[in-house]
């Protein structure tokens, strides 16, 4: 289930749960209260199922994006030796260009 | 010789022309710091609530034996029980912030040309080591130091220009990934909120109502405000990243600079509001 749908499903369950909580509060007989409590627990568990499912899917999404970000930031080594090497190469290329025009 | 002078001048000139948008970068870094500072205690509370949710699931799992204790152990039990590692949701949120922080640190290292000082240190170390290995080379060492200083003086502008080019590349290529991470963090807030407030909601819903119901409801409402401020901080973070990317692509844009300054005040207001919400929550625990 896509996350938007999971959020929507959770909201629907929460709305049903709130209605049952209010109905249980208003009920006077123990049988109605017990039935409402059972239904509330079931809804609570269904909400919890969604929370656990969404949380377990989050890691893969985050890790893929962080891996992409790590690849981008470490593609060229930025340490001193590499930066020096790249700069020397650029200067050489510039010098060759100047020689070519000279 | 003339060619070398021309070459170096061209490099220095190109370096001078392409300045980094420091105000926008500073504004972006502050926005990330504010969001991360706000997120840390929220992640800690989310982790506690998530473990409780997972543990309850384990206890009520009809496929598992449980009689006040578990006779068997599953590897997945670690998510609910380990206090060394984070549970899946909280751990992922934390990793997202860590990934963004590592990206920002790389950008900061490039903006501050830290590798030039590193190069100076490494060359000095090499010259020192040679002095230790080759006896009587003091005179040679002095010459080597002079040459190394000269090399670095000449090459520093080139390294700085390379750093600016890398800054721009990393920023622009990484921006969609950071924006996606911010979107993932934002999209996760309904779940994070639901898990964080689950036990409080359950208490508020009890029948008959518990004596501290009003206090419990105040805490749920405080969490609601805290999450609203957290989402606002994530939005500011995204906006500052956009501003920075625009400033890199269109340098010296005065309206952007003005917006960065105005944004800093807005950011402080959101961060203060969130700190207050979280402090109120902690005061009522």
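Bear in mind these aren't lab numbers, they're just calculated from the coordinates by the rules spelled out. Every value quoted in this text rests on a predicted model; they were computed, and no experiment measured them. We place every Cβ from the backbone using ideal geometry, glycine too, and count neighbours over all the protein chains shown.
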For this session: Using only Cα atoms, tell me the angle between helix A:3-26 and the longest principal axis of chain A; keep it within 0 to 90° and round to the nearest 10.
Result: 30 degrees
Exercise. Using 7 Å Cα-to-Cβ label points, what is the residue B:105/residue B:117 separation (nm, one decimal)?
Worked result: 1.6 nm
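As a test of understanding, state the convex hull volume per residue of region B:155-232 from its alpha carbons, in Å³.
On the way: hull volume 8.3 nm³, N = 78.
Dividing the Cα hull volume of region B:155-232 by its residue count gives 106 Å³.
Sorted from fewest to most neighbouring beta carbons within 10 Å, what does the list B:184, A:66, B:143 look like?
On the way: B:184 18, A:66 21, B:143 12.
Result, fewest neighbours first: B:143, B:184, A:66.
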For this session: Starting from the Cα gyration tensor of region B:192-253, take the square roots of the eigenvalues, sort them a ≥ b ≥ c, and report rounded, prolate or oblate (rounded when a/c is under 1.5, otherwise prolate if a/b is larger than b/c, else oblate).
Result: prolate
For this session: For each of B:60, A:28, count neighbouring Cβ atoms within 10 Å of the residue's Cβ, then give the residues from fewest to most.
Result: A:28, B:60
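Could you list B:148, B:201, A:87, B:31 in order of exposure, starting from the residue whose Cβ has the fewest other Cβ atoms within 10 Å? Show your work: numbers first, answer last.
Details: B:148 17, B:201 20, A:87 23, B:31 28.
Fewest to most other Cβ atoms nearby, the residues stand as B:148, B:201, A:87, B:31.
Could you grab the relative contact order for region A:6-93? Cα pairs under 8 Å, six or more apart, rounded to a whole percent. Could you put the intermediate results ahead of the total?
Values: 26 pairs, mean separation 22.9, N = 88.
Relative contact order for region A:6-93 comes out at 26 percent.
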Exercise. Hey, got the average number of other protein chain Cβ atoms within 10 angstrom for residues in B:159-167?
Worked result: 4
Exercise. For B:172-180, what's the mean count of beta carbons from other chains sitting within 10 Å of each residue's beta carbon?
Worked result: 4
Exercise. So for the pair residue B:81, residue A:37, with labels modelled 7 Å out along Cα→Cβ, what separation do we get in nm?
Worked result: 3.0 nm
Problem set entry | Inter-site label distance for residue A:88 and residue B:246 at 7 Å from Cα along Cβ, in nm | 4.3 nm
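Give the average, rounded to an integer, of partner chain Cβ atoms located within 10 angstrom of each Cβ in A:23-34. Walk me through the numbers on the way to the answer.
Working: counts 0, 3, 5, 1, 1, 0, 0, 0, 0, 0, 2, 0.
Per residue, the average neighbour count from other chains is 1.
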